[in-house]
Amino acid sequence: MEDHLILPIIPTANPKVLLPGIVLRVQVTRTDPREITQLLDQIWHRRQHSRNGKHITTLVGCVPWKDERQETHNPSKRGAPGQNDGSTSELFEWGVSGRILELARSMPADARITGVSYILTIEGISRFKVDRMVKKSPYYEAAVTLYSDQAEPNENDAQMQAWALNLRSVGHDLALVLSRLQLPPSVIAHLRKMMDSTPAGQVADLLASMIDLTFAEKLQILQMTDVKERLKRVVELVNRQIQVLKISQELQSSVENKIGKTQREYLLRQQLEAIKKELGENDDGGTDEIHDLEQRISAANLPKDAADAASREIKRLKRMHSSLAEYQVVRTYLEWLAELPWNTHSEDNMDIARARKQLDEDHYGLEPVKTRILEYLAVRKLKNDLKGPILCFVGPPGVGKTSLGRSIANALGRKFHRISLGGVRDEAEIRGHRRTYIGAMPGNIIQGARRAGVSNPVILLDEIDKLTRDVRGDPASALLEVLDPEQNSTFTDHYLHVPFDLSKVLFIATANDSDTIPGPLLDRMEVIRIPGYTFEEKHNIAKRYLVPKQIEAHGLDASIVNFNDDALMKVAVGWTREAGVRSLEREIASICRSLAVEFANQKEEGGGGIVSGAVDVERVRQALGPEKFDDEVAERTNVAGVAVGLAWTATGAGGLLFIEATQMSGKGVLHLTGQLGDVIKESAQIALTWVRSNAITLGITRNASRNVLENVDVHIHFPAGAIPKDGPSAGVAITTALISLFRGKPVQSQTAMTGEVTLRGQVLPVGGIKEKVLAAHRARIKRVILPHRNEKDLADVPQNVREDITFVLAKTIWDVLDAAFLEGWKVRGAEKGGLEEGEVRKDGGISLVRVGQVEVGDAELRSKL
Ligand SMILES: Nc1ncnc2c1ncn2[C@@H]1O[C@H](COP(=O)(O)OP(=O)(O)OP(=O)(O)O)[C@@H](O)[C@H]1O
């Protein structure tokens, strides 16, 4: 179809070529020929002046510049596009008529000089051939012949139909490839729809505008008025485009893969190198290492079970790559096997005289303890084995339990290793973790053996009473096997999984309190009690061990510094109350520090004034300040209602227990305070009941029918309220405090007591007598009232303490009262019509027979022992 027309021409530059059915955006700038701008100026003004400018359809022709013109890029050099004679030497001969859909103008401030610029959107309608240029001023105008496509190809033209089909098919292929390039799905869907609903010629133009074509190819398509030819050509070009896109996609993914793989390999190699470096391996480090391990294992002379396990694991190791995690696990296991002292042991020195000497050198006093240790060693020497009970030192902190253990190892010439069991709550800490756990290790015992480096060390199990148990198992039961001489020759740690012989190890345990040691464990041990030191002993320990040690530790000259005896005693009495010697050592250290400062100052001042090294009581006071402990007992007990009990603390040391009772108006209620356990509360109830039932005899009331607690409440408080207290041994002291309260008489000063009271007033024996007496002695108590049946326990109390204290042995509470009050219980009672000594008294239906007091002075005691 041909049509003739005169159209204003807008030239377009490479690469823009308008095709029918396509919308093109063209920018006309100030550098374009003025003729174009003038045309656009006119169109723009026309649109502005019309009422509804948007609806004015402006038909123009879009003709590309010939390519060679374009290459100059210099519009000024461009001559007129065609001549009036119809020559079109600079413009292409073919173009497309189009509708201007939008025209936007921008006018900069200097537009008068530089001109305006436009952006226009044109929709292509049909091809034309430029017949001739009609005019070139003020804009180009050309006479053109239009060529329109047929709506659909002729039905009889099979070839044409085949090409149309072909075109649509490659169009769909293109859409598919484009969709992989992540073009928006809506665009792809629109494209597919257009391809199916638009005439084939237009589809060809549409596809041609979408693919990458050179300018020449675009011009070729532009002039193809023969639809069949155009279809052929576009099918070719689209196919080419599809191939290009596919290849580029493949290239891209293979490049990506390649980079990913190389990068991964690089990272892995880096890691491998870092691991090898860390392990100190060269490339064939694995084999060297296995060889080395094999040699060490054969040198360790493993017993059969262990040797079998080792060769099994070495075989596994050889099959593994050294970068595997499992390799490290097996290697560590083999290291353990190689390093344990399976057959290495130190020579024993079972010389009892030498052992005695060593114990005496390291520790002052402790005679019974040392004797027991020597007996133990003598038996071991004769029997030539270590089967027998395990020694367990029990006593308060700082009395030398640990250092005795070390001393025994020295005496025997054995290696010493200490395992602290305080707070151990997991069975695995004793027996190890199975190797299946990540980070598994052998338990404390095997670790100790490895550290000691011999199969016969002395292993001290410190604080065995502080073992706890929870859901992770019971460490005490794991220790049973360790400490049982019948079983410990085949002790199997979970980690090693082969038996290790512990029968040559000398185990010694320490504890503060034997009551909290689990029963079965205690059963395997022989308890040796170290009760705590008297002032005398502390003084001697300080003089012989602590002072020389601290003088050396502070860099002082032992020949100049000299603590006199009074000074050391003063430190012990005025600044310490504990059973052990740790705080004594601390106080001595602080005196040494102050001496060190004085000596250092003297040196700096160049010898101005000689500083003396003599330490006397005055110097102690200067260094330590005011005394920490004074005569608190006398001060606290000089009022009625207060008695001093003797208690046994959880750390195994004895201590004083003050009991304060008071009364006030009320309804006969007994108030108890001071963190008390059930047993001590019951003791208080019993004491009150006994006092009430004996009120007449005690002279508290004359009227048998009168209730002592009528309109009265009693409050008993146990000071040091933060410390929990329990046990029956405070019974006598509570009773005494109540009687003191009701009678209004203070208890004798410097008197302390212990013993359980029954409802009938009997005094029953209690435990920890030695520790309690020592505590009383440290607190400068002069009289101690004890249950009669505890008399035998006094044999353990050191001689000098026995000399300082008067003991009263009581069978009943009446004996206690006689000793506790200056006048005895009967004085006030007699005043009020009480009974004479030795009489059988009937009170409230209960027969009370006063057995009489047994007051034992030290001389008498000695004759008994
Ligand atoms: N009889 C003694 N002779 C010489 N030094 C002693 C004596 N008793 C204790 N010591 C010294 O007291 C310090 C504390 O002793 P050690 O650590 O053995 O106490 P411990 O009873 O094991 O205490 P804990 O129960 O707190 O472990 C050590 O320096 C030790 O040498």
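Of all the residues in segment 708-718, those that are surrounded by 14 or more Cβ atoms within 10 Å (Cβ to Cβ) and either in contact (Cβ under 8 Å) with a residue 60 or more places away in the chain or under 14 Å from Ser665 (Cβ atoms) (or both) number 7. Taking the conditions (1) surrounded by 14 or more Cβ atoms within 10 Å (Cβ to Cβ); (2) in a loop (DSSP other than H, G, I, E, B); (3) not assigned by TED's automatic domain parsing to the domain that holds Val23 in turn, Leu183 satisfies each one other than (1).
Cβ-Cβ distance below 6 Å, separation of 6 or more or different chains: which pairs start in segment 396-411 with a residue that is at positive phi and end on one that is near the ligand (Cβ under 6 Å from one of its atoms) and assigned to a helix (DSSP H, G or I)? Sorted first by the residue in segment 396-411, then by its partner, the pairs are Gly398/Arg582. A search for C-beta distances below 8 Å between a residue of segment 681-707 that is assigned by TED's automatic domain parsing to the domain that holds Ile813 and any residue that is of a type in the set (Ser, Thr, Tyr) and at pLDDT 80 or above, counting only pairs 6+ apart in sequence or on different chains, returns Ile686/Thr758; Ala687/Thr735; Trp690/Thr735; Val691/Thr735. Against the definition (at pLDDT 85 or above, surrounded by fewer than 18 Cβ atoms within 10 Å (Cβ to Cβ) and not hydroxyl-bearing (Ser, Thr, Tyr)), how does Gly755 come out, yes or no? In short, no.
Report yes if Asp493 is away from the ligand (no atom under 12 Å from the Cβ), assigned by TED's automatic domain parsing to the domain that holds Asn444, among the charged types (D, E, K, R) and under 25 Å from Ile769 (Cα atoms), otherwise no. Walk me through how you get there before you give the answer.
Details: away from the ligand (no atom under 12 Å from the Cβ): yes; assigned by TED's automatic domain parsing to the domain that holds Asn444: yes; among the charged types (D, E, K, R): yes; under 25 Å from Ile769 (Cα atoms): no.
No.
Among the residues of segment 514-529, those that are away from the ligand (no atom under 15 Å from the Cβ) and part of a strand (DSSP E or B) comprise Met525, Glu526.
Using the structure shown, decide if Pro368 is more than 37 Å from the chain's Cα centre (by Cα) and either in a helix (DSSP H, G or I) or within 16 Å of the ligand (Cβ to nearest atom) (or both). Yes: the conditions hold for Pro368.
Does Glu618 count as free of Cβ contacts under 8 Å to residues at least 60 places away in the same chain and more than 16 Å from the ligand (Cβ to nearest atom)? Before you say what the answer is, go through the steps one by one.
Working: free of Cβ contacts under 8 Å to residues at least 60 places away in the same chain: yes; more than 16 Å from the ligand (Cβ to nearest atom): yes.
When the stated conditions are applied, Glu618 passes them.
Residue-by-condition table, conditions (1) away from the ligand (no atom under 11 Å from the Cβ); (2) assigned to a helix (DSSP H, G or I); (3) crowded, with 16+ Cβ neighbours inside 10 Å; (4) of a type in the set (Val, Ile, Thr):
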{"site": "Pro531", "(1), (2), (3), (4)": "yes, no, yes, no"}
{"site": "Glu537", "(1), (2), (3), (4)": "no, yes, yes, no"}
{"site": "Glu552", "(1), (2), (3), (4)": "yes, yes, no, no"}
{"site": "Ser559", "(1), (2), (3), (4)": "yes, no, no, no"}
{"site": "Asp566", "(1), (2), (3), (4)": "yes, yes, no, no"}
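For Glu585, the test of being at pLDDT 80 or above and of a type in the set (Asp, Glu) is passed.
In the list Leu359, Leu374, Leu337, which residue meets the criterion of being assigned to a helix (DSSP H, G or I), within 13 Å of the ligand (Cβ to nearest atom) and of a type in the set (A, V, I, L, M, F, W, C)? Steps first, please.
Details: Leu374 fails: within 13 Å of the ligand (Cβ to nearest atom); Leu337 fails: within 13 Å of the ligand (Cβ to nearest atom).
One residue alone meets the criteria, Leu359.
Among the conditions (1) within 11 Å of the ligand (Cβ to nearest atom); (2) touching a Leu at 6+ places or on another chain (Cβ under 8 Å); (3) of a type outside the set (D, E, K, R), Ala511 misses just one, which is (2).
Which helices (runs of 4 or more DSSP H) sit wholly inside segment 383-493 and have at least 3 residues that are under 30 Å from Glu367 (Cβ atoms) and of a type outside the set (Asp, Glu)?
Numbers: elements: 401-412, 427-431, 444-452, 475-483.
Qualifying helices (runs of 4 or more DSSP H): 401-412.
Here Thr701, Thr649 are screened, and the one residue that is of a type in the set (Val, Ile, Thr), surrounded by fewer than 21 Cβ atoms within 10 Å (Cβ to Cβ), at pLDDT below 85 and farther than 23 Å from Arg743 by Cβ is Thr649.
Take Ile22 and decide whether it is of a type outside the set (D, E, K, R) and modelled with pLDDT of 85 or more.
yes
Screening Glu152 on (1) in a strand (DSSP E or B); (2) modelled with pLDDT under 75; (3) among the charged types (D, E, K, R) shows it passes everything except condition (1). Would you confirm whether or not segment 388-400 contains a residue that is out of contact with any strand residue (DSSP E or B) (no Cβ under 8 Å at 6 or more places or on another chain), more than 16 Å from the ligand (Cβ to nearest atom) and either among the β-branched types (Val, Ile, Thr) or under 30 Å from Leu268 (Cβ atoms) (or both)? So far as segment 388-400 goes, no, none of its residues is out of contact with any strand residue (DSSP E or B) (no Cβ under 8 Å at 6 or more places or on another chain), more than 16 Å from the ligand (Cβ to nearest atom) and either among the β-branched types (Val, Ile, Thr) or under 30 Å from Leu268 (Cβ atoms) (or both). In segment 567-578, the residues that are on the phi < 0 side of the Ramachandran plot form Cβ pairs under 7 Å with partners that are among the charged types (D, E, K, R) and not in a helix (DSSP H, G or I), at six or more places apart or across chains, as follows: Ala567/Asp616; Gly574/Glu627; Gly574/Lys628; Trp575/Glu627; Trp575/Lys628. The listed residues are Val17, Val26, and the only one of them that is touching a residue at least 24 places away in the same chain (Cβ under 8 Å), assigned by TED's automatic domain parsing to the domain that holds Glu123 and more than 23 Å from Asp131 (Cβ to Cβ) turns out to be Val26. Taken over segment 283-332, the criterion of being assigned to a loop (DSSP other than H, G, I, E, B) and either within 34 Å of the chain's Cα centre (by Cα) or modelled with pLDDT of 80 or more (or both) is satisfied by Ala300, Asn301, Leu302, Pro303, Met320, His321, Ser322, Ser323, Leu324.
The values are calculated or read from the model by the stated rules, or taken from the named source; none is laboratory data. All figures in this text were calculated on a predicted structure; none of them were measured in a lab. Counting neighbours? That spans all protein chains shown, and the Cβs are built from the backbone with ideal geometry, glycine included.
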